[in-house]
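The structure appears below as structure tokens.
The values are calculated or read from the model by the stated rules, or taken from the named source; none is laboratory data. Everything quoted here is computed from the prediction, not taken from an experiment. All Cβ positions, glycine included, derive from the backbone under ideal geometry; neighbour counts span all protein chains shown.
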Amino acid sequence: MKLAYDFHIHSCLSPCGDNDMTPNNIAGMAFLNGLQAIALADHNTCRNCTALKKAAKQYGIIVLYGMELTTMEEVHVLCLFPDEESATKWDSFVYSKLNKIKNNPHIFGEQILLDETDVEIGREENLLINATNISFDDVFAPVEALGGIAIPAHVDKNANSLIANLGFVPPDATFTVAELKNLSNSGQLLANHPYFKKCGLISNSDAHYLTDINDAKNFIEVEELTSHSILKALKNLR
């Protein structure tokens, strides 16, 4: 069966995410847009994912636990997990590797933790958009070991992407899926970087505002309506 998806959405926990990006607002907009599966991918954190999962239950929307990791090379990598346990382990590891600089909300934006009813339960004091001390090459194996998948994010963008920051695909790269902001850029990407010819390509909104969340325009074929089945489909995508 086909599912309409958007696996790269930011909440108000990301400093660049609008404060209206609350679990219930995101779930409601996803439902109105006809999406069946979504993922929260805040910068270097998974801590609003459980609230979104609970908020989306009323709409029958499947929620993957996600994160947009910033590597030491400042390459963004979309990390997706099937459940809270695996995401929490990854979240703790990443936070231990985050370069700790206090956030200035007047400059970068607020970083708000919410529950499933959109009630504030805390704020993150350290700036989440900083780079971590995790190299690009060292992301993929530990994410896979936790049952997840790591996907180079928006590789067609001219900032914070594998191609923009490194200029090439590492010769020992192992990733099998890549994210594009716009799938129409795939022809140029494949021509310039043949490695991507053996990859599955997906496209997400990278939404920071409610109006940016995708409508039902991208689909993935799955065997069952579960997070594990979605991750299996992504891993087998070619």
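Brief remarks follow.
- Some residue of region 99-110 being closer than 29 Å to residue 36 by Cα, buried (at least 18 other Cβ atoms within 10 Å of the Cβ) and modelled with pLDDT of 95 or more: no
- Count of region 189-219 residues which are farther than 29 Å from residue 170 by Cβ and among the basic types (Lys, Arg): 1
- In region 171-210, the residue that is nearest to residue 138 (Cα to Cα) out of those that are in contact with a helix residue (DSSP H, G or I) (Cβ under 8 Å, 6 or more places away or on another chain), touching a residue at least 40 places away in the same chain (Cβ under 8 Å) and of a type in the set (S, T, N, Q) is 176.
- Yes/no for residue 178 being on the phi < 0 side of the Ramachandran plot, in a helix (DSSP H, G or I) and touching a strand residue (DSSP E or B) at 6+ places or on another chain (Cβ under 7 Å): no
- Applying the condition of being in a loop (DSSP other than H, G, I, E, B) and among the aliphatic types (A, V, I, L, M) to region 200-225 and asking which residue is surrounded by the fewest Cβ atoms within 10 Å (Cβ to Cβ) yields 225.
- Answer from 116, 85, 110, 73 - the residue that is free of Cβ contacts under 8 Å to residues at least 24 places away in the same chain and of a type in the set (Asp, Glu): 85
- Among helices (runs of 4 or more DSSP H) entirely within region 64-172, having at least 3 residues that are within 25 Å of residue 203 (Cβ to Cβ) and of a type in the set (Asp, Glu) singles out no element at all.
- Taking the criterion of being crowded, with 24+ Cβ neighbours inside 10 Å, free of Cβ contacts under 8 Å to residues at least 40 places away in the same chain and farther than 16 Å from residue 179 by Cα, the only residue of region 1-48 that qualifies is 27.
- Residue that is farthest from residue 8 (Cα to Cα), among those in region 181-238 that are touching a strand residue (DSSP E or B) at 6+ places or on another chain (Cβ under 8 Å) and of a type in the set (Lys, Arg): 238
- Hits in region 153-175 (condition: farther than 21 Å from residue 14 by Cβ and over 16 Å from the mean Cα position of the chain (by Cα)): 163, 166, 167, 168, 169, 170, 171, 172, 173, 174
- Of all residues in region 111-148 being closer than 23 Å to residue 28 by Cα and among the polar types (S, T, N, Q), the one that is surrounded by the most Cβ atoms within 10 Å (Cβ to Cβ): 111
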